[in-house]
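Novice: Sharing a structure below in structure tokens format, with a few things to ask.
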Amino acid sequence: MAKPPTPPAPASPLAAPLTALRGIGPERAAQLARLGLHTVLDLLLHRPRRYEDRRHVRAIAGLALDEAATARGKIVACGVKRWRGGSKSVFEFVLDDGTARLHCRWWNLPFMEKYFQSGDEVLVYGKPVSLKPRAMDHPETEVIEAGDENFIHVNRLAPIYPLTEGLPQRWLRALIWRALQQFEPQMALQRDQTLANAIRMLHFPEAMSDVEIARQKLALDELLELQLKIQRRRANLQANARGLPCGGDNHIIKPFLRRLGFALTGAQTKVLREIRRDLGGQTPMRRLLQGDVGAGKTAVAACTALMTLESGYHVALMAPT
């Protein structure tokens, strides 16, 4: 049986489908599609709906009940505890920062054990659910690697994205981080370095002022792209459209002007010559006539309508004055 043909590669890496990214299979792709995300560029333009300030590390001894905070310390103990029958379990590590200890717990998620070990330095973010002992349930975490201070989830302004069923916030945030690392250089080369910077600031700002700068840049780019599309569409229509020459021969306009009661100004006469030239061409006229109140725009429009009648066609004239 012959192999199906390989689909052509996208013209730009940013137009690649999300399934080209590591960790995105059919199920994840379907979840992202429900958010309107189909390509790498769609993903990079998926805007956070808000941000959580997780930058300020607090001593464990200073944590307050039900008040979200970031803490940093070293794991001094960790392990899974199972109840009789094995149907329930809790994974817990104990974090020590020199001021106190914090118990971080994950209920019925024993696989969390593989992500942590004693001696790890860890950042956690969450709300303490008790103070005796100090404990957090299911906090956000980030293991601190030696020499690496590029945090994704904690110790920063963390983006909070619109989600859909089955799509974890942490997973999506990490995916966008990886996509930025992979595609930011290409985005700078193919599109605009300032756009690449704006997208990074939108997702991982250093300060909230960065977010406003990024939004303004992206809004301007969106407006310019829309205008370019309109211009291309207009040029395509003009290139392919065929008009009906209807410049007239003045046999109706001349009697009309004699009965008008006033003479046309030089500007009106000049514009009518241009309009006659447009109407006599092979492509439809596209013209906006501008003038002050009382400048005589309606008279020019009436003469334009008469040119059409002189050429044997019907015309409709709508005037609010």
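Novice: Mind checking the dipole of segment 253-310: about its Cα centre, +1 per Lys or Arg Cβ, -1 per Asp or Glu Cβ, Debye to the nearest 20?
Specialist: 120 debye
Novice: How big is the Rg/Rh ratio for segment 121-222, C-alpha atoms only, Rh by Kirkwood, two decimals?
Specialist: Result for segment 121-222 is an Rg/Rh of 1.05.
Novice: Give me the compactness ratio for the chain, meaning the Cα radius of gyration over 2.2 N^0.38 Å.
Specialist: 1.69
Novice: Give the Cα extents of segment 56-155 along the principal axes, in whole Å, largest first.
Specialist: Computed over segment 56-155, the largest-to-smallest principal extents equal 41, 30, 22 Å.
Novice: With a 10 Å radius around each residue's Cβ, average the other Cβ atoms per peptide and rank 204-211, 34-41, 234-241, highest first.
Specialist: Final packing ranking: 34-41, 204-211, 234-241.
Novice: Whole number please: convex hull volume per residue of the Cα set in segment 187-257, in Å³?
Specialist: Normalising the Cα hull of segment 187-257 by residue number yields 152 Å³.
Novice: Additional query: Sequence gap at least 6, Cα distance under 8 Å: using those rules, report the relative contact order of the chain to the nearest whole percent.
Specialist: 13 percent
Novice: I would also like to ask the following. Which log10 I(q)/I(0) values does segment 253-310 give at q = 0.17, 0.18 Å⁻¹ under the Debye formula, counting every alpha carbon as one identical point scatterer?
Specialist: Cα-only, vacuum Debye calculation for segment 253-310: -0.56, -0.63.
Novice: Roughly how large, in nm² to one decimal, is the mean projection of the convex hull of the alpha-carbon atoms in segment 277-321?
Specialist: Computed as one quarter of the Cα hull surface, the answer is 3.6 nm².
Novice: Do any trypsin sites (Lys or Arg not before Pro) in segment 157-202 lie in a DSSP loop with no more than 15 other beta carbon atoms within 10 Å, and if so, which?
Specialist: Passing both the DSSP loop test and the Cβ count: 191.
Novice: Listed highest first by mean packing, meaning other Cβ atoms within 10 Å per residue, what order do 64-70, 224-230, 136-142, 314-320 come in?
Specialist: Top to bottom by mean Cβ count within 10 Å: 136-142, 64-70, 224-230, 314-320.
Novice: Test of understanding: ordering 87, 311 by Cβ neighbours within 10 Å, fewest first, what list do you get?
Specialist: 87, 311
Every number here is computed from the coordinates shown, using simple stated rules; none is lab data. What you see is a predicted model; the values in this text were computed from it and never measured. Here the Cβ is made from the backbone with ideal geometry for all residues, glycine too, and neighbour counts use every protein chain on show.
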